[in-house]
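Following: one structure in structure tokens, then a few remarks.
Each value in this text was obtained by applying a stated rule to the coordinates, not by laboratory testing. Just so you know, these numbers come straight off a predicted model, no measurement behind them. Positions of Cβ are generated from backbone atoms using ideal geometry, with glycine treated the same way; all protein chains shown enter the neighbour counts.
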Amino acid sequence: MKTARGMAIILGLLAAGEALSALLELPVPGSVLGMALMACLLALGLIRLSWVEDAASFLTENLAFFFVPAGVGLMVHFELLSREWPLILGLTAATTCLVVAVVGLFHRALAGGRKGTPGGSGSG
């Protein structure tokens, strides 16, 4: 019963997030909005962690099952992937490097000149 209530809360917040995203035409996925709603409701005490903990544990313990559709999709497009793998690999490496560089620049900018921060001007 406890897991069913938690699952209902999680799925209800997912649906609310999807609805918000669609109604407000936000560029944010509904699942992200649903997680943000859950975090807010947990922080405000409107939802207790004990209400959703069992369902969340069940979902994370069985997370591998959620990757099956993605794996099937890869197999369906195996011919395309085998033909384009050098481009895919190169773009993956390039965008990973770009993300690391941008995060580093943001960290440096946000750290500013605070003493003792790796991006700051302090001696450490």
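Worth a mention:
- Overall shape of the stretch 1-107 was characterised from the C-alpha gyration tensor. The equivalent ellipsoid obtained from it has semi-axes of 34, 21, 15 Å, in decreasing order.
- Mean separation of Cα pairs under 8 Å and 6 or more residues apart, divided by the residue count, gives the stretch 1-61 a relative contact order of 43 percent.
- Here each label is just a point 7 Å from Cα along the line to Cβ, and for A64 and A22 those points are 3.4 nm apart.
- Peptides 6-16, 50-60 ordered by average Cβ neighbours within 10 Å, highest first: 6-16, 50-60
- Projected label distance in nm at M35 and S82, using a 7 Å step from Cα toward the beta-carbon: 3.5
- Set against the 2.2 N^0.38 Å expectation for a compact globular protein, the stretch 1-61 has a Cα radius of gyration ratio of 1.13.
- Helical segments meeting 27 Å axial Cα length and Kyte-Doolittle 0.5 threshold in the chain (DSSP H): 2-23, 78-111
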